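The values are calculated or read from the model by the stated rules, or taken from the named source; none is laboratory data. Keep in mind the model is a prediction, meaning the values are calculated, not measured. Here the Cβ is made from the backbone with ideal geometry for all residues, glycine too, and neighbour counts use every protein chain on show.
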Amino acid sequence: MAGHTLRADFDGGALSSDFGPLLLRGVDRQIGLTERLATAIHDKRHLSSIDHPLRDLLAQRIYQIASGYADGNDANSLRHDPVFKLGVEHLPLAPDQDLASAPTFSRLEHSIDRKDLYRLTKAFVDQFIAGYSEPPPPSCSIWITPMIPPMASRNSPSITITTRAIAICPSLSLRGRLMHW
């Protein structure tokens, strides 16, 4: 973060076992994924009740999942983690800059509607295409399918549905490229 230095010592102070969020932040800055996704979601929260900007929420959740913390409840302990806080560009030791809690993510996930899902899908496809120097030819097919965890009940309102995309582009040698979101 501008104006701050990162210091490592071994005195047993504020500890973290993860370094991934800092690496993910660097990649995210380069490709702009969380920014693109944040613009795809219509934020229905009242301005006076927003503690965490939508882009920060998406960055925190994506970085947690990518770091192996798929359960939304992990946010309750990781919200104080200094490296996760740095990953979302918060000061690591400032208690007033803690990250979002599990209930915040639950409310966010339940606020997403069909129009948001459509825009998110479009944002993912745009992000996929932007990863190449020239757009895929018309013969390229991208299949995006929702995946419900096998043990989850389809009637449960609290399940997380992930998305799988398979791109088949015979002329670009992308056959079978698999992306999990």
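Scanning the stretch 29-51 for residues that are in a loop (DSSP other than H, G, I, E, B) and surrounded by fewer than 19 Cβ atoms within 10 Å (Cβ to Cβ) turns up Gly32, His42, Asp43, Lys44, Arg45, His46, Ile50, Asp51.
Looking at Phe128, Phe124, which is the one that is at pLDDT below 90, over 26 Å from Ala75 (Cβ atoms) and not in a strand (DSSP E or B)? Criteria check complete, one pass: Phe128.
When you look at Leu91, is it surrounded by 13 or more Cβ atoms within 10 Å (Cβ to Cβ), assigned to a loop (DSSP other than H, G, I, E, B) and of a type in the set (A, V, I, L, M, F, W, C), yes or no?
On the way: surrounded by 13 or more Cβ atoms within 10 Å (Cβ to Cβ): yes; assigned to a loop (DSSP other than H, G, I, E, B): yes; of a type in the set (A, V, I, L, M, F, W, C): yes.
So Leu91 passes the test.
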